[in-house]
Structures are given as C-alpha cells and as structure tokens.
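The values are calculated or read from the model by the stated rules, or taken from the named source; none is laboratory data. Note that this is a predicted model, so its numbers are computed, not measured. Cβ atoms come from the backbone with ideal geometry, glycine included; neighbour counts cover every protein chain shown.
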Amino acid sequence: MIAYAARRFVYGLLVLLIVTAMVFITLRAIPGDVVRVQLADSPGVTEEQIAQRTAELGLDQPVYSQFFVFMGGALRGDLGTSFQDNASVTAEILHRLPITLELGFLAILLGVLLGLPLGLISAIRKNTLLDQFLRLVSVVGISIPNFWLALLFITYLSLWFQWSPPLVYVGPFEDLSQNLVHMTLPAIALGTAAMASISRMLRSSMLEVMGSNFIRTVRARGASEWNVIFKHAGRNSTIPVFTLLGLQVGAVLGGTVILESIFSIPGMGSLIFESVQFRDYPMVLGCVIFYGGLFIMVNLLVDVAYAAIDPRIRY
Amino acid sequence: MTAPTLNGVEREVTNRPLVEATDLVKHFEVGGGFLSAKRPPVRAVDGVSFTINRGETLGLVGESGSGKSTLGRLVLRLIEATSGSVTFDGQDVLALKNKELIALRSRMQLIFQDPVSSFNPRMTIEQVLTEPMLVHGVGDAASRKARCRELLDLVSLPSTALARYPHQFSGGQAQRIGIARALTTNPDLIVCDEAVSALDVSVQAQVLNLLKDVQKELGLSYLFIAHDLNVVRYMSDRICVMYLGRLAEEGPSDILLNEPLHPYTEALVDAIPSSDTIGRAREPLAGEIPNPSAPPSGCRFHTRCPKRFEPCDHLEPELITVGAGNVSCHLHTEQAALHRHQDPPEHSLHGEDPQEGATA
Amino acid sequence: MTSRHDSAPLLVIDDLHVEFDTGGSTVEAVSGVDLEIRAGETVAVVGESGSGKSVTAMAVLQLLGNGRISGGSVTWDGTDITHASNKKLRSIRGNDIAVVFQDPMTSLDPLYSIGNQLSEALRLHQRMSRKQARERAIELLGMVGIPDPAHKVDAYPHQLSGGQRQRVMIAGALACTPRLMIADEPTTALDVTVEAQVLNLMRDLQRETGVALMLITHDMGVVGEMADRVVVFYAGYVVESGLADDVLNHPQHPYTQALLTAIPRRDTPRDEPMPAIPGTVPGLHEMPAGCRFITRCPYAAERCSEPQEIVRLEVAGKQRDVRCWRADPAHRTSATIESELEVL
Ligand SMILES: Nc1ncnc2c1ncn2[C@@H]1O[C@H](COP(=O)(O)OP(=O)(O)OP(=O)(O)O)[C@@H](O)[C@H]1O
Ligand SMILES: Nc1ncnc2c1ncn2[C@@H]1O[C@H](COP(=O)(O)OP(=O)(O)OP(=O)(O)O)[C@@H](O)[C@H]1O
Ligand code: SF4
Ligand SMILES: [Mg+2]
Ligand SMILES: [Mg+2]
C-alpha cells in the first residue's frame, strides 16, 4: 500500500512536471510582449528601457534555458518573482491558498452533504414524483455553468434584497460569520454541479446494487431496510462516487478562477485571473503548479480511500 | 527435485503436446492489506505438472478449493504464476510480452460456470460475439457478421438471437452463447471451468453433446473442470485428480475411475451419488479439510486417508508412473520400490533420481 | 416417515402464480404451483432450467425484486403470509425460513468479511453480542467444513473458492436453526466428497432439529439420497410429484422419463451422444395453451393441445400426481400403449 502510494506520488510529480512544461511553453507562445503590455501606459518609454526590462526578467534567453532556470528555482521552493511587483510568487500563493482551499472545501462539502442524501432518496423512491423532480434538479444542476449561477445570485439578490457581496474579504479567524456570508454564495454556485453529479451517480449505482444478488441475501436474512440500505447498498454504491469526487475536485478548482473574481475573493483563483491579464508568467505558472498538485493529491487520497472501502483492491 | 515427466515414453513417439505445464505454483498472498498483518500465503497450486494433447480432453477434478480454477487461470495466464512454466504449442506462455500474450489469447479461451454474468448486459449477442474478433483484429464488419451467424448455427441457435440481449436467454442457451463466444477466434484450447455445472441435466446433455461435436469438427483440446465425475468421465480422455494444490493421480479416465490407485480418488469414486443408491447416505471422507496455507507434512492427504501408514506423515510421495497413469501415494511408491529391489539401496524411498518416474 | 405425513404441513403453496415486469410487458414465470412441506420432511424440486423453481422459492419469502405474486397463496405454519407486512416477513426470514441462494459467487457482499455477514442474522434474531456472534460464526464455518475457520472468518468473499462461498451461504442459512431451509442448488459448486459432507450435515441437522428441507437440485443422485418426496417442474408448473423412490424408478410423465435418461451415468458410452431432450422450453411469451411439454414430447397427440389437469393416481400403492392425460388409467387404451411401445 505504502509502496503503491509512493509510486503514485512519483507518477503524480511527473505529470505535474509535464503540465508545468506545457503551460510554460504555451504562455511564451501567447502573442503580445509582456514588457510592452506592462509599460504600455507609461508615456515616453524608450526602446532601451524595454530591452533593459526584458533582460531583467530573463525574457531574452531561449525558452528552454528560461525553463531550466525556473525549474531550478522551483525545486528549491522558489517559484520566482512576480512581473508586476517583484514580490515572491511562493509567498503570494501561500498567502492566498488558504482562501481558495476554504472555498473549494465548502463547495465540495456542500456537494457531498446534499448530493448523497438526494441521490439516496432518489434511488429509494425510484420512479416516484419526488424522484422525477430530484432527477430534473440534477440535470439542471449539471448543465448550468457556475459563473452564470453566480451572476444570477448577485443580480437577483441585489434586485430583491439590495444585497451585494462584500468587497473586502475577512478571514474565518477574524470574523467567521462575516466570512461565511461572503463565501456561501460562491460555494453554492461552485458546489451545485458537484452536488448534481454526485446525486445522479449515487442514484444509478445504488439502483444497480439494490438489484444485485447479495442484497437479496441480506434481505433473506431478515435484515431491516435500514441495514440493507446503509450498511450494504450504501457502501457498495459509494465506490463509483469516489472516482467522481476526485474529478469534481478538479472542476471546483477550475471554477474558483472565475467565481473568486466575481465575488472579489482574494484567493488563488482571482490571483491567476489577474496574472493572466497582466502576462505575469511566474505567477500563472506558480498557480498552475499548486492547482495541479492539489488535484493530484486529492486523487491520491481517493485511491487510498478505495483500498479502505473495497477489500478486493490491493496494491 | 525435478518435475515428474508425464507419459515420458509416449511423448517421444507422438508429436508435441499442445499444453505442457511444469511444476506450476501459485501462492496467494493474504492479509497484509490495508492495516492488517500478513499471514502465510494460500498455496492454491503447489507444484503441478500435466500435458494436454491436441484434440484431447483433460478432465480436472478435486476437492473444492483444491486449486482447479486457479490452475485453469494459470494456464491462460489470467493470473501470474508464482513459479513454474507453461508452454502452449511450444511457446513459453509465462515469458510472453503483453502483445504476444494477446495474440496467443485468441488461441485459448475460457468458458465459465455462469455465462450470463460474464456478458455485458448492455451488449447484444452480436456485440458479445464480435468483441473478441475486434480485439484480435479479425476480418471486416461483413465477415465478422457472417462468422457470428456461422457460430450460432454451430451451437444450434437461430440467427435472430444476434439482436437480443444476454438476459433474454435461458441458462442453457446462454451457455451455448458462451461456447460460441469462446469459438469466435478459432482457439486450440478451451478451458471449461464448471461450464455445465449450473445447467439442468437435459440442457447439460445438449451442451455436452455440443462440446463434443465441436471438438470433433474443429480438433479442439479441452481442459474440462467439473465436479460431477460421471460428466468428467463422459467428456475426458484423461483425468487429473487434484488434492490441496497438488496432483494426486492422473490417468486414462475409465481406468482411473474403475481402478483408482490413490486413496483420495477412491474416496471420490465412492462418493459419486447415483439415483440407484436411493436413500443410502454416502460415507464422506473423515476429518477436516486441511488449511491450504499450512498444508499437512508428508502426503497432503494423510490427515484424512483411511490407508495411511508409516511414511505418510513425514515423507512426501512423488508422482510416479503406475500402469497407464501416474499417482502420488506411498502405497504405490512402496510397490514400485519392491519391484525394483535389485536396484542399488540408495535408490529407494527418497526418489531423488529424475529417471525414477519413467523407469517405474 | 408415515407419521410425518400425518402432521400438519409447515408450508403450503397453493396455486401460486408469479409475474415479472419486463420493461413494458409482464411475463408469468410461475403459473399454478402446488407444493406442501411438512416438518422434518425433505422435498426435492427438480426440473428444466427456467421452469420457475427458484422463483417459487423466492416467492415464499417475497424476495421477488421486480416480480410479484399474482395469484394463489403461501401459508406458513397455518397463517397466510401472501399479504403479510414487511415486519412479519422480516421476523420469518432468516429465522424460521432460511434460504441458500443459487449463485454463491454473487450472493455475498464483496465489501464485508464473511464473519461479519454471518454475524448479522445472529445479532438480529438471537440478539447475540458481537463476540458471541463471531464465535458462533467460526463454529458454523467449521460445521460446513471450511478449513481453518478461525482465520477464514475474516476472509472476504473474493478470497474463497466457489465451493467455499457456497458453504458460507449454507452456514448462514443454518445460523438461526430455522424450521424450514430452502436450498437452491446448494451443492452445484461442490465436489462429491464435500457434497456428501454437506448433505450429511443437513441430514444430521434434520435429525437434531427437525428442520424441513426444500431442496432445489438437478442432481438426481442427490434427490435419491436425500428426498422423501420429489416435485418435478416444467415451464412454470408441476408436471409430476410423488415419493422420491417411486418417481425416480417409475416416472409417469414423459418429461420426467426423458429427464432421467439424460443423466450421465458411470457406464454411459463415451463415444455416443448423450440422450438429450431435443428442442428447448418454450419462451414465457409463447407458452402453448395445452400441455407445455407438447413441443418436445415424443407422445404428443391431439388431446395434448387441451389444457392438462393434474391426474391423481395410485402407483404401486402410493399417491402420484401427474399432469398428463395419458397417465389417467381411464385413457390407457390399447392405442396409447401401442404408440408408447413404438417409441420405445
Ligand atoms: N484471490 C485469492 N486470494 C487468496 N486466496 C485465494 C484467491 N483465489 C483463490 N484462493 C484460494 O486458493 C484456493 C484454491 O482456489 P480455487 O478457486 O482454485 O479452487 P477450486 O479448486 O476451483 O475450488 P472450487 O471447486 O470450489 O471452485 C482456495 O483455498 C481459495 O481460498
Ligand atoms: N427478475 C426477473 N425478471 C424477469 N423474468 C424473470 C426474473 N427472474 C426470473 N425470471 C424468469 O422466470 C422464469 C423462471 O426462472 P427461475 O429462476 O425460477 O428458473 P429455475 O427453475 O430456477 O431455473 P434454473 O434451474 O436455471 O435455476 C425464467 O424464464 C426466468 O427468465
Ligand atoms: S500416501 Fe499414504 S496418506 Fe497419502 S494417500 Fe497414500 S496411503 Fe494415504
Ligand atoms: Mg473453481
Ligand atoms: Mg434456479
């Protein structure tokens, strides 16, 4: 198991390296010169100044040598400095990471806490009106883009209740209630798709398991419906939900980029959004590495969870 | 210890057997999973050698849990052997790379006890039958379809069956589809793991007839695993009897069942139920089934053998040739030793001599 | 044995009909089955695959999934349980009536150790503690001949061979010493020596506890060895029933006769084909209106296309039910006997 986890971890690092390289190259391939974009507003910049700034940022080097310089730093935990204000990328990301983690966690929590019961109810009350309704809700939930949902929230809340999201972020340790007021809407907008797909997946796997022979054995033993559903059918049907959860974490992380900007939450999502606009390569790259690392770690956890749930899986 | 050679003399004369398994071993690791301690491995198959000739059916019988299914899966390399070797038509199966293995798989197939659960319920019979051809890249769409009809015809099902789904067939029909699927790639060997056990007798008779007809027509070999000795006898040319991961006895089926040499085979034969023995309880073997993780010392059967004697609990009997078959029992090593009493004395019970099997 | 037949029946199945919904249409899988089991008695149920043996067994405890009892009744120990509440059924399931299911490979939950699954019924019906239940589970595993039960109790289903799983199922059924055990092909995955062991175990239990046994099997050897009475199914109903020895030795219904010749015996010549019954059972949608064996029967005649009633006969002094007009002595004209001789 440990050997397997280690192998998966190394494999994950490799994937991360490849992703980094690809993003690195793509960023360089985007048309538009960073320095010109940055200095465009300041009047009277000379060509010399531009060349000097370019050299300062190391952008006059060939791409591969830029990459090696970057990777050399990255291995030491130094992701370079921001093109915007020369601040340390690592420090900036570490500063904003907890905010995004909180948002992502809330969204997934919401998805799981609502998605599992809804899927369960849907499966138990199969083909009733309630089930039809819940299935409709899931389909809608899966198809609505999260940013559009967020815009709906903002528009209608301000129209009806004259409420708009606070502009200043307050950390959960400073003032938890204010923090939650800020985070709840984006978390709902982000978690809806997760909730919908979890409930759909649970419904279908639950129905499949409920029809299987071993459930009949459990019933023939005289077990209560509670036992049938929660002990046997429940555990068997969560296995595919775990796979889904790993993927949903990816979707939620991606969603933070736009949602944080919409709700002015100063997390990694809005950081990446600003940095792309500013062609702040090191910052974008740093964020990508962190996002990728998170995703890989979550999926590693999912695999470990498999082994804990399903005795047939031995690595 | 070297592998005992089966039919040692004959082999030189006839051509090479289709399958040759030598000293196959499969130990399953148990425990040592998530947060649990490791325990000694289950010795499911523990040094088994046998051959299957072309066009021949080798029956495999033995106590439940003695490693029959495991052996079948080892031959097809559906699981990796712990040690030993399998050659299929001269190729070393266990050394093959993935690609070669896939190519070889098309020549050996498996039929399960429960055909329906091995089919994807959402695939039509046509898809079920074409899938192996697609995997092995056989023919084009039209020729595959033609082949499907041909196969259904061979197993006496109407070609309207092609558009239907697995659950729409009875057990016997599903088993015929299982056979048809196994035949899609023109295999040389089919491992039938309890292929007729779940069928009722009248369908079983049909399927047995079908298997025999197909064999006659296509010259297939079968490794036929079953526990109904009458069925195995009817199907097989030779029978291997397994006990606790080892071969107890091997021989031509009629001889083996009429004059069993090994006490375990005897017990099996005595236990055959028949409707003639109405109301008569069979005498089951005494004693507990030993634990395959810690098999008994000496002869593995000694804890339950009614005929055990002095050497049995500490000396492991070798597989030696007696008459037309091979047996692993001290009753016969003793006799073999008696016949050889002119031999040098060190040649007796320990049997280090690789020639021993062949000369007996 | 005669005293048994005098006692009140434990289970009475009367004119049972079972339907299944199959995406839009309904099919009738069981159409009019009568069956009685008395305490301590062993009734063997044999018959063609798909003839409704398992469905009948499942209907007793209403474990029918997408199916339902559409007619007739099931009476357990004097009370009609055809429309019993779930609560009532649960108190019977596993406690009074235990079932060993046909497919041992998929009948155990892959995620729980077999000890855990065996303990469930014990903890439920006998209110045992976790520890007591575990000890009893080990004991049960030992009883059905699982080697090293103290360790195997922690094994998961995938770590057991087919025969071992089947024995675990049997151990589960024995757990609460039921009054009726319905065993659906309990020995199909077992080799003969273990089979003998399991059957002996069941017989011992029967002697000790007086459990009645409904034994679904296609092994006539097992029928001969175990059964007091035998009930032969074909295509959803009973075609013949009577005392086991008599039915096996003097089958009256043409299907029973054909079935008995299709069994491989020790002396079946290896180079000849098995005497199989030609053709297949008609599908549930295409059941003939008359005798359901008509499509395969060597004696099929005009009268066979009328619905066949059960004919109650005395054969060798014992009661025998046969669903074939030819069995009726009143119709045994010289013509039918001649045609029979011709076929033979
Ligand atoms: N994956 C596994 N992990 C651990 N033990 C296993 C595994 N598969 C099989 N075994 C053990 O290996 C032994 C042989 O199993 P196998 O399935 O080959 O028996 P078999 O001869 O086919 O028995 P049966 O007639 O009951 O099907 C058994 O003791 C079984 O418990
Ligand atoms: N869930 C179901 N839905 C639809 N039809 C079903 C269902 N279960 C069983 N049937 C049908 O009911 C009929 C009787 O099936 P049953 O399982 O009782 O046969 P059986 O006599 O036990 O046969 P076998 O010897 O093969 O086990 C079959 O035609 C089968 O296809
Ligand atoms: S070797 Fe001994 S113990 Fe083993 S089977 Fe023969 S007589 Fe019995
Ligand atoms: Mg097996
Ligand atoms: Mg059945």
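If the condition is being at the interface with chain B (Cβ under 7 Å from one of its Cβ atoms) and more than 13 Å from C:Glu225 (Cα to Cα), then the range C:193-213 contributes C:Thr193, C:Val194.
The set of residues in the range C:65-81 being surrounded by fewer than 18 Cβ atoms within 10 Å (Cβ to Cβ) and out of contact with any His (no Cβ under 7 Å at 6 or more places or on another chain) consists of C:Gly65, C:Asn66, C:Arg68, C:Ser73, C:Thr75, C:Asp77, C:Gly78, C:Thr79, C:Asp80. Cβ-Cβ contacts under 7 Å between residues 6 or more apart (or on different chains), taken from a first residue in the range A:172-192 that is more than 12 Å from A:Leu106 (Cβ to Cβ) to a second residue that is modelled with pLDDT of 80 or more and not hydroxyl-bearing (Ser, Thr, Tyr), are listed as A:Thr192/A:Gly141; A:Thr192/A:Ile144; A:Thr192/A:Asn146; A:Thr192/A:Leu149. For the range A:210-305, the helices (runs of 4 or more DSSP H) that sit wholly inside it and include 1 or more residues that are farther than 23 Å from A:Leu110 by Cβ, away from every other protein chain (no Cβ under 14 Å) and over 16 Å from the mean Cα position of the chain (by Cα) are A:268-277.
Would you confirm whether or not the range C:173-188 contains a residue that is within 30 Å of B:Ala44 (Cα to Cα) and without any contact (Cβ under 8 Å) to a residue 12 or more places away in the chain?
Residues of the range C:173-188 within 30 Å of B:Ala44 (Cα to Cα): C:173-175, C:183-188.
Those still in the list that are without any contact (Cβ under 8 Å) to a residue 12 or more places away in the chain too: none.
There is no residue in the range C:173-188 that is within 30 Å of B:Ala44 (Cα to Cα) and without any contact (Cβ under 8 Å) to a residue 12 or more places away in the chain.
Do we have B:Ala198 as in a loop (DSSP other than H, G, I, E, B) and farther than 24 Å from B:Thr51 by Cβ here? It is true that B:Ala198 is in a loop (DSSP other than H, G, I, E, B) and farther than 24 Å from B:Thr51 by Cβ. With the structure loaded, tell me whether A:Ser82 is surrounded by 11 or more Cβ atoms within 10 Å (Cβ to Cβ) and either more than 30 Å from A:Ile313 (Cα to Cα) or modelled with pLDDT of 75 or more (or both) or whether it fails that test. Judged against the criteria, A:Ser82 is a match.
Against the test of being closer than 29 Å to B:Pro121 by Cα and assigned by TED's automatic domain parsing to the domain that holds A:Ile265, the options A:Gly222, A:Gly171, A:Gly211 yield a single qualifying residue, A:Gly211.
Residue-wise test of (1) modelled with pLDDT of 85 or more; (2) farther than 18 Å from A:Gly269 by Cα.
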{"residue": "A:Arg125", "(1), (2)": "yes, yes"}
{"residue": "A:Ser138", "(1), (2)": "yes, yes"}
{"residue": "A:Ser164", "(1), (2)": "no, yes"}
{"residue": "A:Gln178", "(1), (2)": "no, yes"}
{"residue": "A:Ala189", "(1), (2)": "yes, no"}
{"residue": "A:Ser212", "(1), (2)": "yes, yes"}
{"residue": "A:Arg219", "(1), (2)": "yes, yes"}
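Annotation: of all residues in the range C:184-204 being aliphatic (A, V, I, L, M) and touching a helix residue (DSSP H, G or I) at 6+ places or on another chain (Cβ under 7 Å), the one that is nearest to C:Ala29 (Cα to Cα) is C:Ala189. One residue stands out among those in the range B:291-305 that are within 14 Å of chain C (Cβ to nearest Cβ) and in contact with a helix residue (DSSP H, G or I) (Cβ under 6 Å, 6 or more places away or on another chain): the one that is farthest from B:Arg246 (Cα to Cα), which is B:Cys305. When C:Val232, C:Val247 are checked against the criterion of being among the β-branched types (Val, Ile, Thr) and within 16 Å of ligand 5 (Cβ to nearest atom), a single residue qualifies: C:Val232.
If only residues of the range C:68-99 that are more than 9 Å from chain A (Cβ to nearest Cβ) and of a type in the set (A, V, I, L, M) are counted, the one that is farthest from A:Arg221 (Cα to Cα) is C:Ile69. For the range A:150-168, the set of residues classified as exposed (fewer than 14 other Cβ atoms within 10 Å of the Cβ), of a type outside the set (A, V, I, L, M) and part of a loop (DSSP other than H, G, I, E, B) consists of A:Gln162, A:Ser164, listed by residue number. Only one of the numbered conditions (1) under 15 Å from the mean Cα position of the chain (by Cα); (2) within 16 Å of ligand 4 (Cβ to nearest atom) is violated by C:Val194, and that is (1). Checking A:Val228, A:Val241, A:Val209, A:Val252 one by one, the residue that is of a type in the set (Val, Ile, Thr) and without any contact (Cβ under 8 Å) to a residue 24 or more places away in the chain is A:Val228 and no other. Among the numbered conditions (1) within 26 Å of B:Glu217 (Cα to Cα); (2) in a helix (DSSP H, G or I); (3) at pLDDT 90 or above, the only one that B:Leu74 does not meet is (1).
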